[in-house]
Amino acid sequence: MFNIRTKIKAILQSENANYEATVMGWVRTFRNNQFIALNDGSTNSNIQVMVELGLLTDETIKRITTGACVKATGQIVASLGKGQKYELKATAIEILGDSDAEKFPLQPKKHSLEFLREIAHLRMRTNTFGAIFRVRHSLAYAIHKFYNDRGFVYMHTPIITGSDAEGAGEMFKVTTLPLDGTAAKNDDGSINFKEDFFGKSTNLTVSGQLEGELAAMAFSEVYTFGPTFRAENSNTTRHLAEFWMIEPEVAFNDLEDNMNLAEDFIKYIITYAMEHNADDLAFLAQRLEEEEKQKPTNERSEMGLLEKLNFVVNNDFERVTYTEAIDILRESNHNKKKKFQYLIDGWGIDLQSEHERYLVEKHFKKPVILTNYPKDIKAFYMRQNDDGKTVAAMDILVPGIGEMVGGSQREERLDKLTQRMNEMHIPTDEMSFYLDTRRFGACPHAGFGLGFERLILFVTGMTNIRDVIPFPRYPKSAAF
Ligand code: 4AD
Ligand code: MG
């Protein structure tokens with residue numbers, strides 16, 4: 001078998017030395033023709049491979065370059081050098097894959113995140129992106145563990161959908177019709193989607209919620225975790241055209257149960273990452289600290305990354321109604337001094353991210369769950385409150401990110417739901433499958449969607465959402 005190797009993480013973590021091992025990985029640096037820093041992605045730390053003079057021919061030595069893939073066999077010994085407990089004293093080195101040092105874009109120096117985004121296929125081989133994507137993996141695992149341990153059923157909801165019922169955002173069309181103008185047309189000149197692959201117009205999903213609700217009416221507690229797509233032209237550090245969302249949906253839960261679930265969930269997965277990715281998070285914390293030093297003092301965050309994560313895990317989220325939030329914002333000095341781009345003067349407006357960030361970063365200084373929004377700025381399926389003006393919605397806002405979760409108790413009363421759909425011009429005939437849950441055994445239920453990449457931003461301290469998904473899709477960019 002070729003792949004008899006020990007992971008670098010296992011060697012560095014073990015409590016003993018003086019045994020033979022084979023490691024394989026990619027060269028980060030090669031110093032003095034003697035010391036290879038080798039990384040295999042199992043941990044942020046490299047193993048130092050010591051190449052004694054005379055072991056290799058000059059020709060082989062020349063091939064040990066940054067980026068090359070190397071197999072090294074030798075004795076694991078206590079290291080005399082600083083910075084590592086053990087090193088591998090090589091008895092044999094094999095170059096598995098050469099890497100032309102002149103052409104390899106990753107040099108052993110600091111590169112900007114912008115540059116690394118252009119070489120997303122290689123950036124995973126840096127310390128920063130190694131740490132980010134190992135944390136991303138852990139969070140994904142913790143999400144499944146959280147729901148599995150609580151008896152939720154993981155539902156795979158469709159990626160191609162036949163309706164834009166959600167209204168959550170602009171959708172990407174899915175079609176096999178020709179784009180050269182020869183597609184069959186209706187009498188009125190519009191495209192005849194009966195001729196299309198599915199016999200109807202289809203899109204990429206913006207959310208698995210509606211299907212999640214159907215499943216919750218059978219399994220009581222379900223969740224989805226999959227990619228979702230929005231064709232909004234939002235060129236921001238918080239939006240992707242393709243992002244991953246986790247959507248639990250729970251029968252018999254009301255808005256308060258929903259908030260409790262979301263808060264427990266967020267705290268659980270952050271704790272999991274802190275326990276299982278301590279090295280990666282320590283590295284990212286250090287990275288953030290250095291980045292913060294470049295900023296003017298008044299713009300620096302008050303807490304370091306680990307401090308912030310601990311704070312979030314150990315403190316209750318603030319629960320505030322939309323109406324209370326509007327009062328706070330309207331009365332704030334920020335508003336009075338006209339520092340908001342969108343000034344707050346009345347009830348009913350949708351909050352902009354500047355308002356959300358003011359609430360969490362300046363006013364409460366902790367995560368905030370905002371509830372009971374005006375019905376006119378929220379989706380049709382949210383449960384109508386008795387005041388006739390608001391719905392049982394909840395958004396969770398977190399420092400540095402803004403909205404991380406959007407959810408609600410759902411309207412389970414058929415008459416109220418259809419009335420609202422009519423008001424909002426949502427075709428009830430197309431949505432008959434959804435309304436069936438209200439016709440046959442309806443019950444109170446609630447759910448939410450957590451944006452996976454926004455969570456990763458929060459946990460890693462990164463500031464651009466394009467840096468926490470391996471291959472980001474955003475306007476004018478679908479490389480790799
Ligand atoms: O608030 P949203 O639009 O809610 C829904 O889609 C509901 N159907 C969820 C539910 O109740 N089951 O999106 C949920 C979350 C947001 O809070 C945000 O974190 C994230 O998804 N999100 C995005 N993340 C990255 N890029 C985008 N373009 C995003 N749009 C939403
Ligand atoms: Mg939302």
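The values are calculated or read from the model by the stated rules, or taken from the named source; none is laboratory data. Note that the coordinates shown come from a computational prediction; the quantities given were computed from them, not determined experimentally. Cβ: placed from backbone, ideal geometry, glycine included. Neighbour counts: every protein chain shown.
Looking for something of a type in the set (Ser, Thr, Tyr) and either in contact (Cβ under 8 Å) with a residue 24 or more places away in the chain or assigned to a loop (DSSP other than H, G, I, E, B) (or both) - is there at least one such residue anywhere in the stretch 434-452? Within the stretch 434-452, one or more residues are of a type in the set (Ser, Thr, Tyr) and either in contact (Cβ under 8 Å) with a residue 24 or more places away in the chain or assigned to a loop (DSSP other than H, G, I, E, B) (or both).
In the set (1) surrounded by 21 or more Cβ atoms within 10 Å (Cβ to Cβ); (2) at positive phi; (3) within 16 Å of ligand 1 (Cβ to nearest atom), the condition left unmet by Asp467 is number (2).
Comparison of Gln419, Gln409 shows that the only residue that is within 13 Å of ligand 1 (Cβ to nearest atom) and either of a type in the set (Val, Ile, Thr) or not in a loop (DSSP other than H, G, I, E, B) (or both) is Gln409.
Is there any pair with a first residue in the stretch 197-211 that is free of Cβ contacts under 8 Å to residues at least 40 places away in the same chain and basic (Lys, Arg) and a second that is buried (at least 19 other Cβ atoms within 10 Å of the Cβ) and assigned to a helix (DSSP H, G or I) whose Cβ atoms are under 7 Å apart and which are 6 or more apart or on different chains, and what are they? Going by the 7 Å Cβ cut-off, there are no qualifying pairs. Kindly list the number of the only condition in (1) among the charged types (D, E, K, R); (2) over 30 Å from Lys366 (Cα atoms); (3) modelled with pLDDT of 95 or more that fails for Glu430. Single failed check for Glu430: (3). With respect to the conditions (1) over 22 Å from Pro374 (Cβ atoms); (2) away from ligand 2 (no atom under 14 Å from the Cβ); (3) β-branched (Val, Ile, Thr), Ile401 falls short on a single one, namely (2). The residues of the stretch 200-249 that are of a type in the set (Gly, Ala, Ser), modelled with pLDDT of 95 or more, over 16 Å from the mean Cα position of the chain (by Cα) and surrounded by fewer than 20 Cβ atoms within 10 Å (Cβ to Cβ), listed by number, are Ala218, Ser220. For the structure I just gave you, tell me whether Gln286 is farther than 30 Å from Ala142 by Cβ and either touching a residue at least 40 places away in the same chain (Cβ under 8 Å) or of a type in the set (S, T, N, Q) (or both). Judged against the criteria, Gln286 is not a match.
For (1) aromatic (Phe, Trp, Tyr); (2) surrounded by 13 or more Cβ atoms within 10 Å (Cβ to Cβ), each residue gets a yes or a no:
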{"site": "Phe133", "(1), (2)": "yes, yes"}
{"site": "His144", "(1), (2)": "no, yes"}
{"site": "Lys185", "(1), (2)": "no, no"}
{"site": "Asp188", "(1), (2)": "no, no"}
{"site": "Asp196", "(1), (2)": "no, yes"}
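Restrict the check to the stretch 402-410 and report whether at least one residue is among the polar types (S, T, N, Q) and within 22 Å of His144 (Cα to Cα). Yes, there is a match, as at least one residue in the stretch 402-410 is among the polar types (S, T, N, Q) and within 22 Å of His144 (Cα to Cα).
In the stretch 386-410, the residues that are under 21 Å from Thr224 (Cα atoms) form Cβ pairs under 6 Å with partners that are of a type in the set (Phe, Trp, Tyr), at six or more places apart or across chains, as follows: Ala393/Tyr373; Val405/Phe448; Gly407/Phe448; Arg410/Tyr381.
Look through the stretch 435-448, keep the residues that are out of contact with any strand residue (DSSP E or B) (no Cβ under 7 Å at 6 or more places or on another chain) and buried (at least 20 other Cβ atoms within 10 Å of the Cβ), and return whichever of them is nearest to Leu214 (Cα to Cα). Out of the qualifying residues, it is Thr437. A single entry from Glu411, Glu430 fulfils the requirement of being buried (at least 21 other Cβ atoms within 10 Å of the Cβ) and away from ligand 2 (no atom under 16 Å from the Cβ): Glu411. For the stretch 93-112, a residue qualifies if it is part of a loop (DSSP other than H, G, I, E, B) and either surrounded by 12 or more Cβ atoms within 10 Å (Cβ to Cβ) or at positive phi (or both), and the qualifying residues are Asp98, Ser99, Ala101, Phe104, Pro105, Leu106, Pro108, His111.
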